[in-house]
1. Residues being within 12 Å of the ligand (Cβ to nearest atom), surrounded by fewer than 16 Cβ atoms within 10 Å (Cβ to Cβ) and among the β-branched types (Val, Ile, Thr): count how many of those fall in segment 15-44.
2. Determine the pairs where a residue that is touching a residue at least 60 places away in the same chain (Cβ under 8 Å) and at positive phi, located within segment 227-244, has a partner that is outside any helix (DSSP H, G or I) and hydrophobic (A, V, I, L, M, F, W, C) with Cβ atoms under 9 Å apart, the partner being 6 or more residues away or on another chain.
3. Go through segment 104-130 residue by residue and tally those that are of a type in the set (A, V, I, L, M) and surrounded by fewer than 18 Cβ atoms within 10 Å (Cβ to Cβ).
4. Among the residues of segment 56-77, count how many are part of a helix (DSSP H, G or I), without any contact (Cβ under 8 Å) to a residue 60 or more places away in the chain and surrounded by fewer than 20 Cβ atoms within 10 Å (Cβ to Cβ).
5. How many residues does segment 219-239 hold that are buried (at least 22 other Cβ atoms within 10 Å of the Cβ) and more than 9 Å from the ligand (Cβ to nearest atom)?
6. Could you grab me the full set of residues in segment 5-51 that are in a loop (DSSP other than H, G, I, E, B), of a type in the set (Lys, Arg) and at negative phi?
7. Restricting to helices (runs of 4 or more DSSP H) lying wholly in segment 109-226: which have 3 or more residues that are farther than 23 Å from PRO78 by Cβ and among the polar types (S, T, N, Q)?
8. Mind listing whichever residues of segment 177-213 are in contact (Cβ under 8 Å) with a residue 12 or more places away in the chain, polar (S, T, N, Q) and farther than 24 Å from PRO130 by Cβ?
Amino acid sequence: MQTKLRSTSKEITLDTRGPVAIIGESINPTRRKKLTTSLMSQDFTYVFELAKIQIDTGADILDVNVGAPGVDEIDLLPKVARAVAERFDIPVCLDSSNREALIAALSVMPGKPLVNSVNGEEASLNAVLPIVKEYGAAVIGLTMDDEGISNDPEVRLSVAGKILERAAKLGIPAEDVVIDPLVMTVGADQKAGLVTLTTIELVRKEFGVNINLGASNVSFGLPDRHTVNQAFLALAAYAGASCVISNSEKLTTTIRAADLLLGRDPHAGRYITSYRKMVKLGLIEDAKAGKS
Ligand code: THG
């Protein structure tokens, strides 16, 4: 199944058969003081720097989250999302649960953005799905509802089903709903990774829709998060994740390696291209130069 997203002139396809698409995560002020300060002063220089490095390192889409104490999302989400989309001609993922902020952003965005997110709570379904339909966007559906986040993959599957059903009732096709099985940290519950991986498999088999993960959530609170993130991404790609919100600077080569290992990178073309780009940017060592 394919989900199409568009910027002013480019189209990005999320495809359940892969390769894995990357949503750059770093325009998110959580624990980023410099970003919070610059957002509050309406200075987008740093936002553009973050956008550029993510695109240069392989992001297909950029997540835009401006949620921080003291930030007016209704004012800032449309400004930042539109500025990024226009400057870089890349589809944006509007990361907010605030209906008014989403409406303000959707009404000024070019192309077809991804709304991040709706969930199975009645209030969320009623607030978000009608505007997704109205503006012709696609949406990420989180597998949680009024009962909270279940540890049972079958329950998460049924929440996914409910979101897809309610979307269909409003005329939003399954192609435009990307299900997020929810990634929780294994630092708090060692079964959390497995619950997500099992949910990915169930959702893939039952509904065949695109599946998104906030991949780096898996390692919150642990040392050497990068190693945990890498291992998780490989497993998630195998289970059927087709789209990941992650730090492309650090994780694109791992994602490309997973695609290569899953037989969806002919002649290792994407893996090698991405390796060369990373070397050029000084983000990984040149294997040849490293030999003595
Ligand atoms: N699902 C959906 N959307 C989401 C999430 C999800 N949006 C937010 C979040 N989860 C995904 N985005 C991030 C962004 C940053 C980090 C993790 C998830 C992160 N940042 C480092 C930190 O906080 O320490 C700082 C940056 C870094 O050094 O890489 O971990 O699950 N639909």
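1. 1
2. Once the first residue is touching a residue at least 60 places away in the same chain (Cβ under 8 Å) and at positive phi and sits in segment 227-244, its partners that are outside any helix (DSSP H, G or I) and hydrophobic (A, V, I, L, M, F, W, C) give GLY240/ILE211.
3. Total satisfying the criteria: 3.
4. 2
5. Looking only at that region, the number is 4.
6. LYS10, ARG17, ARG32
7. Numbers: elements: 122-135, 153-169, 192-207.
Where helices (runs of 4 or more DSSP H) fall fully within segment 109-226 and carry at least 3 residues being farther than 23 Å from PRO78 by Cβ and among the polar types (S, T, N, Q), they are 192-207.
8. Taking segment 177-213 first, the residues in contact (Cβ under 8 Å) with a residue 12 or more places away in the chain are 177-189, 191-193, 195-204, 206-213.
Among the residues that remain, those that are also polar (S, T, N, Q) are: 185, 196, 198-199, 210, 212.
THR185, THR196, THR198, THR199 - these are the residues of segment 177-213 that are in contact (Cβ under 8 Å) with a residue 12 or more places away in the chain, polar (S, T, N, Q) and farther than 24 Å from PRO130 by Cβ.
The values are calculated or read from the model by the stated rules, or taken from the named source; none is laboratory data. In this text, all values refer to a predicted model and were calculated from it rather than measured experimentally. As a convention, Cβ positions derive from the backbone with ideal geometry for all residues, glycine included, and neighbour counts pool all protein chains shown.
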